[in-house]
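Report on the following structure.
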Amino acid sequence: MRNVKVWLCGVIMGIALAGTAFLVGAPAVGMATSKEELKNHWRHHDGHWSYWSAEDNQWYYTDGTNWFYNSGEAGWAPYRFDKRFGREGFERGEYKVPGPDAKVVIPKHEVYRPRK
């Protein structure tokens, strides 16, 4: 009977230590992912390369003809160069923003969203 009590106590202590290690280790992994997402970066997702701008907190994409942005659930929309991206350190060249009556094919691919 004494061996059963010692064995049971050991199992309970092992489970408690494993649970504590899991709870202490989980926030560190989550914080590392959030730090990575705060920086500007390119990501290949759903067959397309998109650019994450931390300053604007949204995704950018070009099909080679037009620029688009995606800031969440609304999906892609033509980009009008009204935020920081494209203002500094970016040369537009001959690019003209499409007018409201222009026929623009909006991208349908998704953007990367990390699991929460």
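Considering the conditions (1) within 30 Å of Tyr69 (Cβ to Cβ); (2) at pLDDT 65 or above, Thr33 is excluded by exactly one of them, (2).
Inclusion of Asp82 among residues that are modelled with pLDDT of 80 or more, in a loop (DSSP other than H, G, I, E, B) and acidic (Asp, Glu) is not warranted. Of the residues making up region 52-76, just one is without any contact (Cβ under 8 Å) to a residue 12 or more places away in the chain and part of a strand (DSSP E or B), namely Thr62. Selection over region 85-99 of residues that are modelled with pLDDT of 80 or more and of a type outside the set (Gly, Ala, Ser) gives a count of 0.
The values are calculated or read from the model by the stated rules, or taken from the named source; none is laboratory data. These figures come from a predicted structure and were not determined experimentally. Note: ideal-geometry Cβ built from the backbone for every residue, glycine included; neighbour counts use all protein chains shown.
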